[in-house]
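Student: I have a structure I would like to understand better, so I am pasting it below and will then ask my questions one at a time.
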Amino acid sequence: PYDAQFDDKTYAWAAGMDNDLAIRLNAQTGEFTEYLLPHETNVRHVEVQKSGALSSLWLGDQHGGTLVRVEPLAP
């Protein structure tokens, strides 16, 4: 991952420059959840939205000029 951020709960979010995935790490259990992004995405920065019952992830595509929001359906 190029960048990572923690939310206010137990998760760390990250995304990489050379793949089409965002990941969420449960820091208590060590479990990773992978989220397939809608297209090839070069991520340099992630921003965790900490409001609501579950945190979500915002990321931008360095080369494509798009924003993507990853919102989990379950913890």
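Student: Please give the residues of segment 32-47, grouped as numeric ranges, whose backbone N is less than 13 Å from a label point set 7 Å along the Cα-to-Cβ vector of Q5.
Tutor: Of the residues in segment 32-47, 44-47 have backbone N under 13 Å from the label point off Q5.
Student: Let's see if you can work this out: charge +1 on each Lys and Arg Cβ, -1 on each Asp and Glu Cβ, no other charges. What is the dipole magnitude of the chain about its Cα centre, in debye to the nearest 20?
Tutor: The calculated dipole for the chain is roughly 220 debye.
Student: Shifting gears a bit: Give the carbon-plus-sulfur fraction of the accessible surface of segment 3-70 in %, rounded to a whole number; probe 1.4 Å, heavy atoms of protein chains only.
Tutor: Carbon and sulfur atoms account for 52 percent of the accessible area of segment 3-70.
Student: Springs between alpha-carbon atoms under 10 Å, Gaussian network over the chain: tell me which of L36, L59, L21 tops the mean-square fluctuations.
Tutor: Taking springs between Cα atoms under 10 Å, the residue moving most is L36.
Student: Something else: So which GluC sites (Glu not before Pro) in the chain pass both tests, a DSSP loop state and at most 14 other Cβ atoms within 10 Å of the Cβ?
Tutor: Sparse-neighbourhood loop GluC sites (Glu not before Pro): E31, E40.
Student: Mind sorting out which of (1) 0.94; (2) 1.66; (3) 1.44 is the real Rg/Rh (Cα atoms, Kirkwood Rh) computed from the coordinates?
Tutor: Read-out taken from this structure: (1).
Student: So with the 1.4 Å probe, I'd like the accessible area per residue for segment 3-70, rounded to whole Å².
Tutor: 58
The values are calculated or read from the model by the stated rules, or taken from the named source; none is laboratory data. Computed from a prediction, not measured in an experiment: that's the story for all the values here. Methodologically, a virtual Cβ is constructed for each residue, glycine included, from the backbone with ideal geometry; neighbour enumeration extends over all protein chains shown. Surface accessibility is based on the protein's heavy atoms, side chains included, excluding ligands, DNA and RNA. Shrake-Rupley method; radii C 1.70, N 1.55, O 1.52, S 1.80 Å.
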